[in-house]
Structures are given as structure tokens and as C-alpha cells.
Number of protein chains: 2
Amino acid sequence: MSIDILISEVGPRDGLQSVRSIMPLEAKKAWIAAEAAAGVTEIEVGSFVPAKILPQLADTAEVVAFARTIPGLTVAALVPNLKGAEAAVAAGAHKITLPLSASEAHSLKNLRRTHAQVLEEVRGIVSLIEGLPADRRPRFEGGLSTAFGCTLEGDVPADKVVQLAGQLMAAGCDEVGLSDTTGYANPAQVKGLVRRVRAEVGEHALSGLHLHNTRGLGLANVMAGLEVGITTFDSSLGGLGGCPFAPGASGNIVTEDLVFMLEAMGLRTGIDLPRLIEVRRILAEALPGEALYGFTPEAGLPLGFVPATREANFA
Amino acid sequence: MSIDILISEVGPRDGLQSVRSIMPLEAKKAWIAAEAAAGVTEIEVGSFVPAKILPQLADTAEVVAFARTIPGLTVAALVPNLKGAEAAVAAGAHKITLPLSASEAHSLKNLRRTHAQVLEEVRGIVSLIEGLPADRRPRFEGGLSTAFGCTLEGDVPADKVVQLAGQLMAAGCDEVGLSDTTGYANPAQVKGLVRRVRAEVGEHALSGLHLHNTRGLGLANVMAGLEVGITTFDSSLGGLGGCPFAPGASGNIVTEDLVFMLEAMGLRTGIDLPRLIEVRRILAEALPGEALYGFTPEAGLPLGFVPATREANFA
């Protein structure tokens, strides 16, 4: 079945890195398999960072190896540097993303590297990938984090984001993405920044947004992205990774609500929503102390709801 | 100061009618006065329905009388029928809204009247208003509830909504509004229905949307409304009226998050957001058992946040 919008589930990476509990490997496998069975075709399953920094993701290589056995699934992983990329390639990830923080203060805190140093890592990763046989080459995305503002620097100039996007592509990335790491983005800003970055790197080099729902604007920002032609959105099942001290203040946008919105709008995601909602049970059981977010799972689907997929099947 | 978007606070009516607690009159007064002081210029302060049906709103006449003493505030009230309109006029409401449910099944359950019977009440109210001296005539809105779907009927045909909008204007309403009573609306539907209703009744006869956040799409639907020129949005402080059995499942869209989104987009609301957020304290104290919603109050404003109002003041 063809789809209109690609949803990239990032819960096993972005969600799990933000909660204190460590999810057992078997539960991660069950989660990923169940989401894939519900129709999710891309999952960021982990991050190749030192286990002492993120013990929640220490088993990423095993998770990648498992996820690769699921037919049709694009297995994505985050890498902080060349060493991480080598591990990701060895594990067999189909896609790798290196985060470059548009705020240099954030880059220094997050990766302990300046922009110039991160771009040097990018070039190293490109060399690594170019040396691989074609069937083992992962797609390589430069993820511009804090692209819409930073908790350390405040406003992040759009000029800086545009410049870094150009530098990532010049360094050899296949594509760039924009991340609202801090939940600062608003719909007008999303439209404006997507247009400006696309003018710099070309339409096809920017297809994805990674949005958070920190201030409740997540789906409004998706709506803004749709208006300017974005076709890939990251999201997290149950909004996993929300702050336990701020009720309702989820981190990533909630996959269930995102799928509901898109399907209700007639945009095919390929995802079976009731089946997706059932996957929450795996999270609830494996992470008993963690809050799960999402409005649609609580409210239920509207009476007589017809997903876009079904209409497409009838067409 | 001129504004770009009018926010109509409906918490004292739609919020309070949905919670079991009865807010004391003095707290209602403090709430309304504090919101007006924060820059809110229109508040729906109650509903003229029998006290045995909604004891929470039994003091609406006194609330209207108090709210009228606040300079510059438009005092709105809901009326279910001619009798309610007579009480609203006697109390001195500046604006009255009569809900006409696009779903006839819902209309029968909510007002115990068919569409034809509600339109008859509308004509009676128009006669009442036309007989008043000009300075005592309230603005009269026909509010099309369940315009985006109904928990009893499911899908509500757009043709029916368009037809009823035309009938409300023909019966003498000054304007119509569209209400997503059930939280069924999606952004594509909002755009489409607003365009169709405006094609029927004229652009100026439809300026407002009343949206709920039941499935998390509230602000995305606002974004869709903005795209097609809507300039008035109803919302409720603290999302008051959310279902206590569904965490996070708020009823009305949250005024604080709405103001944050609009101001961040550069759209002036005239509302001082930090001051608005402080008003939550009045709700928390007066309704100790009730949940308050909202992401922005929990997360706080972004570092270096500049509201649209301030830019306008500097201009």
C-alpha cells in the first residue's frame, strides 16, 4: 500500500533515553515488532553512545540486529560521532542520524564539540559510508537539533540553521532534518524555516521534522509542516519521554495522536490505529513507573471513524 | 491596542458546566476580573438555563451584572431558548449565543427540540431583540454545535451544517459560529467547512470557532482556522471541563496554550501571558478537586520569549 506521510517512530531511542527506567531487551523487541505489525515502516531503535552515558540504550546493536529481521522495516539509529557510526554500520542500521545542534552552546554541552568539530565527524562518516559496498551503505541524515530555539541560548537565528544545513549537505549528508529539541517552535516559524532551508539545500534534501509537544503545539506544528510539503514526521508512542514532574508536558509528539490526525485528514500513513494503540500495553507493562501520554487513546476514536487507508483500499 | 485575534474565554460557562463542583460567586467574579485585567476582552460568563439542570451556573444573572461593570469587556452568555434570552437581556449581556446542534439527535437530547423548533426559538429571540432600544440590543450568534461530528450520529454531513447556517442567518442571527462539541474535528475538515459555510452566509457572518482538544488536535485545528481567515477562537483557562477519568483529555482548548501559540506566531491577542497564567491560581483554589490542563503553564515560556504584543508596542 502506498502512503502519503511517513511516520518515523523514535520512542525506542528518544523516548527511552529520556526515562530513568531501563527497558529489557525482550520488551524492546516486542515493542518494535508490534509497531511494525501495526504498519509502522521506520523505527529509530537506539543510539550508539557509550553505555555509561545512556545505559537505557546499551543494547542498541542487539536491537538493530533484531529489527533488521523484520521485513520492510527501515531500521534507524542515532550516532553522536564517527565511532558511533562505525558501530551502527557494523550492526547493520539502514539509516543513521547525526545530531548537529544549531545552538553551539548546546552542541558543546550535548556532544562536547563545536560546529566545526561536528562537521569534521560528518566528513569522517561520509568517508566511511562511501567505502562500503552499496548494499551495506546506510542513508545518512544530518539532524539539526535546537533548530527552533535553545534553552541555553534562547533564540537561534534562522540564518545559522540555513548555513549549517548547507554545510551538512556540502559535507556529504544525504539529507537534513529539523528538530524542535526544546519545544520552542511555533507554526509560523516551522513554515518559514522549512522554506528557507529548502531554498538552500533543495526540496528533496529536507523531508522530515522532529517535533516535541512541550508547549502543546506539536500537532499544530505538524499541520504547518504539511502546509509546506513536509512528508516525514518523527513521533513517539505514548509520547514516551515526557517529564514526570510536569503532568501533560510530553516530550515527542504522540504517535497515536499524529496518526489519528493524519488519517482523519485523509492522509494515508499505512498504520492501523486501533492496533497501534494496543502496543501501549507493552510500554505500560515494561515501564510500570512511566507516564504514557496521548489524547486519542484516552478518548477513543470518533463514532464511525474511517481511516484514510480504508478509503484508499476502497478506491 | 489593536489585536489580530480575539480570544473569547468560555471557561466560566463551558468549563464550569462540565465540572461537578460549584464555584462560589465571589470566585467567579475574581476569575473574570483577573482575566479581564490580563487583557481578555470577551468572556462567556454563564448560561441562562434552569438551575435544576445546571446548578453550577444558577448565579449567571449576578455574574453578568458584575462583569458589565468591567470597562471594555464584552459580556457573553449562552441561552437555550427565548426564555433564556429574555433573562440574558434583562441581565444586560452584550452578546448571546443559542446553540443549534447540527446533529438532530443531539439537538433533541441537549435542548429537547428539533431543528425546526430551535429555529422557531431563534425567530422569537430576533423579535425580542429588534424590539429593544439600540443600546440594549445584544449581538446574537447562532452556534452550530456538533458541526464536525456527533457522538450519537457519527458523521454530520457538511451539507446539513451549511443549510442550518443559512437558516440561522435567514432567521435573523447576526452571525454564526462552528463548534466542535465532540472533539471530532480535524484540520482539513475545519478548512473545508469554514470555506463552505462562508460561501453560504458570507465571510463576515462566520468569524469564530469553538474547538475542543479531546483528541489533542485543538491547536492544529486553530492553525487550520487561521489559514482560512478565522479571527475569533473560544477557549477555556486551564482547559477547565476536561474529563477527570481521562488524564490529559481536556475539553475546551486551553487559553494559555492558545495565547502562547498565537503570540509566538506574531499574532497579537492583547493578552499578557504571564499574568494570564497567574489566574490559574484562582481556579485551583476555588475548585480544589478539579484538574487543570495546559502545557505552556507547566513548561514555562521559552527563554527570551517576545510576545507579539510587545513587538507591536515597540513598532
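The values are calculated or read from the model by the stated rules, or taken from the named source; none is laboratory data. Remember, predicted model here, so these are calculated numbers, not experimental data. For neighbour counting, all protein chains shown are included, and Cβ atoms are generated from backbone atoms with ideal geometry for every residue, glycine included.
Here are the numbers for this structure:
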read-out: Breaking point among (1) assigned to a loop (DSSP other than H, G, I, E, B); (2) farther than 21 Å from B:Gly238 by Cβ; (3) without any contact (Cβ under 8 Å) to a residue 60 or more places away in the chain, for B:Ile22; value: (2)
read-out: Where a residue in region B:283-298 is aromatic (Phe, Trp, Tyr) and its partner, wherever it lies, is assigned to a helix (DSSP H, G or I) and surrounded by 21 or more Cβ atoms within 10 Å (Cβ to Cβ), with Cβ under 8 Å and at least six apart; value: B:Tyr293/B:Gly238; B:Tyr293/B:Gly239; B:Phe295/B:Asp257
read-out: Single unsatisfied condition, A:Asp4 versus (1) closer than 22 Å to A:Phe233 by Cα; (2) crowded, with 18+ Cβ neighbours inside 10 Å; value: (2)
read-out: Every residue from region A:224-241 that is within 10 Å of chain B (Cβ to nearest Cβ) and either under 17 Å from the mean Cα position of the chain (by Cα) or of a type in the set (Asp, Glu) (or both); value: A:Leu226, A:Glu227, A:Gly239
read-out: Number of positions in region B:60-78 that are of a type in the set (S, T, N, Q) and part of a strand (DSSP E or B); value: 1
read-out: Scope region B:108-119; condition part of a helix (DSSP H, G or I) and either touching a residue at least 12 places away in the same chain (Cβ under 8 Å) or surrounded by 23 or more Cβ atoms within 10 Å (Cβ to Cβ) (or both); matching residues; value: B:Lys109, B:Asn110, B:His115, B:Val118, B:Leu119
read-out: Region B:190-214, residues that are at pLDDT 95 or above, under 30 Å from A:Tyr293 (Cα atoms) and over 15 Å from the mean Cα position of the chain (by Cα); value: B:Val190, B:Lys191, B:Gly192, B:Leu193
read-out: Exclusive hit being more than 30 Å from B:Ala102 (Cα to Cα), more than 19 Å from the chain's Cα centre (by Cα) and either more than 10 Å from every other protein chain (Cβ to nearest Cβ) or crowded, with 24+ Cβ neighbours inside 10 Å (or both), set B:Leu283, B:Leu287, B:Leu276; value: B:Leu287
read-out: Sole residue being within 14 Å of chain A (Cβ to nearest Cβ) and either without any contact (Cβ under 8 Å) to a residue 60 or more places away in the chain or not charged (D, E, K, R) (or both), chosen from B:Ser145, B:Ser103; value: B:Ser103
read-out: Total residues in region A:243-254, condition at pLDDT 60 or above, of a type outside the set (Val, Ile, Thr) and in a loop (DSSP other than H, G, I, E, B); value: 2
read-out: Filter result (part of a helix (DSSP H, G or I) and more than 8 Å from chain B (Cβ to nearest Cβ)) within region A:290-307; value: A:Pro297
read-out: Enumeration of residues in region B:256-287 that are out of contact with any helix residue (DSSP H, G or I) (no Cβ under 6 Å at 6 or more places or on another chain), farther than 12 Å from B:Ile7 by Cα and not in a helix (DSSP H, G or I); value: B:Asp272, B:Leu287
read-out: Test: residue in region A:242-254 that is closer than 21 Å to B:Ala188 by Cα and within 14 Å of another protein chain (Cβ to nearest Cβ); value: yes
read-out: Condition check for B:Thr151: under 21 Å from A:Val306 (Cα atoms) and either within 19 Å of the chain's Cα centre (by Cα) or free of Cβ contacts under 8 Å to residues at least 12 places away in the same chain (or both); value: no
read-out: Single condition A:Ser236 does not satisfy, out of (1) closer than 30 Å to A:Cys173 by Cβ; (2) surrounded by fewer than 18 Cβ atoms within 10 Å (Cβ to Cβ); value: (2)
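Quick grid of which residues meet (1) surrounded by 15 or more Cβ atoms within 10 Å (Cβ to Cβ); (2) in a loop (DSSP other than H, G, I, E, B):
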position: B:Pro80; (1), (2): yes, yes
position: B:Gly84; (1), (2): yes, no
position: B:Ala90; (1), (2): no, no
position: B:Ala93; (1), (2): yes, yes
position: B:Ile96; (1), (2): yes, no
position: B:Glu121; (1), (2): yes, no
position: B:Ser127; (1), (2): no, no
position: B:Glu141; (1), (2): yes, no
position: B:Leu144; (1), (2): yes, no
